[in-house]
Amino acid sequence: MAFRGKEMMKKMMKTVGENNLAPGVKEQLKKCIPDSKVVMNRAKRGLYAGRHIQFGNRISEDGGNKSRRSWMPNVQEKRLFSYILDHHIRVKVTTHALRCIDKAGGIDEYLLKTPYHKMDTEMGLLWKAKIEKMYGELGQMEVVFFSPEDEAKFEQGFKDLKLVERAARRDARRQMYGWSGKQEEIEDGRTSQDSQDETANAGDDSSDGDVHKQWVANS
């Protein structure tokens, strides 16, 4: 199935919002999106880069009989990282779209460089408008550089936060699996007993050394 450009434009305006679009984007969308049927229905949920269902004939080798068939695009579900959004995007893409993204240098560069008339899916147009708006906002932000001492403090703070999270997860596992204080006491007893055995072995070794020295002196 396919969907029409007017319906796609209405959904775009409803999802993104006219106030959130960059100036001039709405007019460009109206020029680029035709009123006729565009693509198949499932392409609304991914980046297909112009790859859609193709139709043709299957010709038999014996009599040359023709039967209708179709070729489906190779669609994969991938997690692509966006530096502008600062998180991963889970999206269905074709292998041709993946090659285009790799050639462009990332999902952000692909969406920014690809013109609107080639972005023939609803999801592609939605992400392109969103990335362009955020890219414009990032260009107006001020850049602040930190000193090496501040960076060292930030790294130490991150390490402390990781240790606190690890301790919290350990406590949660203990509560979940019924970790009691008796087991801690047993482990503490084992560790103390092991330390006592080590000290006793060290004392025996020292006493054996004294006896050996005394025997050498007497001889």
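Tabulated data for the structure shown
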| item | result |
| --- | --- |
| Matching entry among Gln54, Gln76, Gln28 (being closer than 25 Å to Gly105 by Cα, modelled with pLDDT of 75 or more and out of contact with any Gly (no Cβ under 6 Å at 6 or more places or on another chain)) | Gln76 |
| Residue in segment 77-95 that is touching an Asp or Glu at 6+ places or on another chain (Cβ under 6 Å) and of a type in the set (Gly, Ala, Ser) present | yes |
| Residue ranges of strands (runs of 3 or more DSSP E) in segment 36-137 with at least 1 members more than 20 Å from the chain's Cα centre (by Cα) | 37-40, 54-59, 66-71 |
| Some residue of segment 93-110 being touching a strand residue (DSSP E or B) at 6+ places or on another chain (Cβ under 6 Å) and hydroxyl-bearing (Ser, Thr, Tyr) | yes |
| Options Leu138, Leu98, Leu126; residue that is in contact (Cβ under 8 Å) with a residue 60 or more places away in the chain and open to solvent by 30 Å² or more (accessible area, probe 1.4 Å) | Leu126 |
| Hits in segment 101-123 - residues which are charged (D, E, K, R) and free of Cβ contacts under 8 Å to residues at least 60 places away in the same chain | Asp102, Lys103, Asp108, Glu109, Lys113 |
| Residues of segment 48-73 that turn out to be over 24 Å from His96 (Cβ atoms), surrounded by 10 or more Cβ atoms within 10 Å (Cβ to Cβ) and of a type in the set (D, E, K, R), as a count | 1 |
| Of all residues making up segment 171-188, the number that are modelled with pLDDT of 70 or more, open to solvent by less than 100 Å² (accessible area, probe 1.4 Å) and in a helix (DSSP H, G or I) | 3 |
| Residue check for Glu77: in contact with a Lys or Arg (Cβ under 6 Å, 6 or more places away or on another chain) and open to solvent by 60 Å² or more (accessible area, probe 1.4 Å) | yes |
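The values are calculated or read from the model by the stated rules, or taken from the named source; none is laboratory data. Computed from a predicted structure; not experimentally measured. Please note: Cβ atoms are built from the backbone with ideal geometry, for glycine as well, and neighbour counts cover all protein chains shown. Accessible surface areas use protein heavy atoms only, side chains included; no ligands, DNA or RNA. Shrake-Rupley method; radii C 1.70, N 1.55, O 1.52, S 1.80 Å.
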